[in-house]
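Single-structure report; data block below.
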Amino acid sequence: MIAEATELQLPAVKILIVDDERAICDYMQTLLERDGYAVKTLSDATTIDEEVKGGGYHLIILDLMMPKLDGIEALKRIRKIDTDVAVVIFTGYPNLETAVASMKLDAVDYIKKPFNVDEFREVLDRVMRKKGLARTPEERLHKVIGDTIRNLRKDKDLTLKQMSRRTSLSVSLLSQIERAESSASISSLYKIATALDARIKDLFGEY
């Protein structure tokens, strides 16, 4: 008998974005949340001490050029509070002096603005692996399947309740599968694919 679902313990990776440009904060937050991270933004670096003390962050993405407190000074404050959190410096004005200063304060990477999304994701993956926070291939697959099912369902204007009627699976289970909080059995995937007029392999996206 195939188990209906298995709970996944996905790492709750918390990321803080510190940048005085609101549009950049919003863009990066949307990008990272889509990839499954828990994200908070901070546009005033002078409050970073309090945020780092209470935030429990795994990664901080820190803009170098900010009006009230520059990135190097902000990084010094961070290191007085947390010597282990991963910090990535983000700047539109890269130079050797700031790069060296960043590395001396144990920044794990240094990204130029404007950034290429794929390159940024590569840096992020590298940081996550270094800190032991990288998702396993299995966890990434569950996220791809969940996202694909959600997109197919919305393309057909179907609610979770309607999907539940079509598949005889509970709304709760369908929601957990879409959020990658549970892994679906083959029989569940077959029911979902049938309800969406798709093939099982279509649910795997481009994985």
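Laid out as a table, the results:
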item: Selection status of residue 122, surrounded by fewer than 16 Cβ atoms within 10 Å (Cβ to Cβ) and at pLDDT below 80; result: no
item: Candidate set: segment 179-194, residues that are crowded, with 18+ Cβ neighbours inside 10 Å and among the polar types (S, T, N, Q); chosen: the one farthest from residue 143 (Cα to Cα); result: 188
item: Only listed residue being surrounded by 15 or more Cβ atoms within 10 Å (Cβ to Cβ), modelled with pLDDT under 95 and under 22 Å from residue 36 (Cα atoms), chosen from 132, 205; result: 205
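The values are calculated or read from the model by the stated rules, or taken from the named source; none is laboratory data. Since we're looking at a predicted model, the values are computed, not measured. Note that we place each Cβ from the backbone using ideal geometry, even for glycine, and neighbour counts take in every protein chain shown.
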